[in-house]
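Okay, structure first, notes after.
Coordinate-derived values only; no laboratory data. None of these values were measured; they are calculated from a predicted model. Every residue, glycine among them, receives a Cβ derived from its backbone with ideal geometry; neighbour counts consider all protein chains shown.
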Amino acid sequence: MSAGFRTSPPNSAAVSETFWRRHGPSEQTRPKARRGRMRTLLTVKGVAACLRVSTKTVYRLCALGELRHIRVLNAITMAPADVDALVFARRV
C-alpha cells in the first residue's frame, strides 16, 4: 500500500469543522444563541412522530399558521421550541 493513500475515508465531521473554522464566522463573532441551532431543526416526519399524528396533520398546522416553520425550497423544518409552544398552547 502506498504511503500517500488513506485506508479509510476522512471523518466528514472533522472536515466540515475544519472548513468552517477556516471560512466561517469565528466562535467569538457568532452569537452564542445561534451556535448549533441548525442541527436541532425537525423535519415534518420527525414532528409527526413526536406528536403521534400523520404528516398531513403537520402540513395542515403549518398551512393554517398554527405551527411556525421554516421553508427552504421544498423542505419544511421546525424548531423544537415551536413544537413545544404548539403543545403548550393546546393544553387543556
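Residues whose amide H comes within less than 5 Å of that of ILE76, counting only those at least five positions distant or on another chain, are VAL44 (H built at 1.01 Å from N in the peptide plane). For region 68-92, backbone nitrogen atoms closer than 16 Å to the point 7 Å from CYS50 Cα along Cα-to-C-beta are found at 68-71, 76-91.
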